[in-house]
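One structure below.
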Amino acid sequence: MNLTWVEISKQALIHNLHEFRKLIGPHVVLAPAIKANAYGHGLVECGTVFAEHGADYLCANALYEVEALRKAGIKIPILIIGYTPLSDLGGIVRLKAETIVYNLETLHGLAALGKPIGIHLKIETGNHRQGIEIEQLPTFVALLKKHPQLELKGVSTHFANLEDRLNQHYSRFQLKKFEEAIHALELHGMAPHYRHCAATAGIVAFPEAHFNFVRLGIGSYGLWPSPKTLVAAERLHLEIKPQPVLTWKTIIAQVKEVKKGSLVGYGCTYEMKHDGRVAVLPIGYYDGFVRALGNKGFVLIHGRRAPVVGRVCMNMIMVDVSHIPQARLEDEVVLIGKQGNEIITSEEMGELSNTIHYEVTTRINERIPRMLKP
Ligand SMILES: Cc1ncc(COP(=O)(O)O)c(C=O)c1O
């Protein structure tokens, strides 16, 4: 029996792909991002469902993810959008992946392999993360021309704050720079087929940015990038209803009577306000239950909210179940998801712990089994 596990709804994963497909139309490449263990939802489990149900590409961060996906029999194109060390570039060829390129050393390294490789240049447009400045493009183009086995399949960029703002001034500025870069490439006789800059917020709120390829991350898992993106969708009258995919569960490991005035957990940070009952759950910050949820978070037991009392420990938390008399040893507990009429969302957990839901789901320890449910 597992102490903790994550259930993944296959139906919701497929539903979400269809919802976003409606927004982009049939001819735009839909490339779900499965990096970071599919945002904590299970790399191979989600990658397989996506590949079988309408994804055209997958976006990975690193080679080890591509390795796992290929091992699982996934054959669709996979684009690496993170960094591959120069010593490992051969893996891109071996695993038949494509890669984003944003520095010259990588391009030299790929050229030296002497093998056909699909490349997507990443343009610096204002995020100041990965990216080639427009003035540097001629050097990249010259190298690509010298090595025709390197196929320039795409050109891309990434928006810095589309999910944080309803006004799109900065995104429009970035889009303009992106278009200038495409134009510069064309002047050099290079016309990469794929053009991509939209992640979930761009797909929803910025149709001009769809071009012919989108990188759908958090939306694949039924989550909005931010409340602002939801507002943008409503303003545009978009009929799109992503469904959260993940339910995180555990069981009760002990139920004990605790007297009024007793102190609970490390640091004695919680004092019982009444004679009551506390349940101990066998999960902690090691599992990805954020420590900042101590004395703040909730779990669901028998369809009711039970508050976390005391600090979150490495492998345990304590919750007050005084108001849930039926709570017993090994009863099922929901950490994220629905139980009865109650729900705890990853957004709520993020807010309570002063982070974002992206971090909440990606932090769920990879060791915890992901169980695909129909
Ligand atoms: C380059 C790139 N593209 C796409 C995505 C997907 O973003 P989202 O999860 O907001 O859809 C990310 C996410 O971090 C990213 O870094």
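The values are calculated or read from the model by the stated rules, or taken from the named source; none is laboratory data. Since we're looking at a predicted model, the values are computed, not measured. Every residue, glycine among them, receives a Cβ derived from its backbone with ideal geometry; neighbour counts consider all protein chains shown. Quick note on the areas: whole protein, heavy atoms, side chains included, nothing else; ligands and nucleic acids left out. Shrake-Rupley method; radii C 1.70, N 1.55, O 1.52, S 1.80 Å.
Couple of notes before you dig in:
- Candidate lysines for bridging to Lys146, where Cα separation is under 19 Å - those fewer than 8 sequence places away on the same chain excluded: Lys115
- Straight-line cross-link partners of Lys241 among the lysines, defined as a Cα under 19 Å from its Cα and at least 8 positions apart when in the same chain: Lys10, Lys22, Lys228, Lys338.
- Share, in percent, of DSSP beta bridges within the chain that are antiparallel, nearest 5: 50 percent
- Amide H partners (placed H, <5 Å) of Phe213, local residues excluded: Val29, Arg195
- Additional length obtainable on full extension of the chain from Tyr266 to Glu208, 0.36 nm per residue less Cα span: 15.6 nm
- Under a Gaussian network description of the chain, with springs only between Cα atoms under 10 Å, the residue in Ala31, Ala60, Ala181 that fluctuates furthest is Ala181.
- Hull volume per residue, based on the alpha-carbon atoms of the chain and their convex hull, is 148 Å³.
- Cross-link partners of Lys296 among aspartates and glutamates, defined as those whose alpha carbon lies under 16 angstrom from its own and excluding same-chain residues fewer than eight positions apart: Glu271, Asp320, Glu347, Glu348, Glu351.
- Neighbour net charge for Ile251 - beta-carbon separation under 11 angstrom, K R +1, D E -1: -1
- Environment charge at Asn103 (Cβ cut-off 12 Å; Lys +1, Arg +1, Asp -1, Glu -1): -2
- Hydrodynamic radius of segment 246-373 per Kirkwood, over alpha carbon pairs, in Å: 14.6 Å
- With every protein chain in place, the chain: carbon and sulfur % of accessible area (1.4 Å): 54 percent
- Per residue, the chain exposes 45 Å² of accessible surface when a 1.4 Å probe is rolled over the protein heavy atoms with every protein chain present.
- In this structure, Leu236 and Gln326 have a Cβ-Cβ separation that, at R0 = 41 Å, corresponds to a calculated FRET efficiency of about 0.35.
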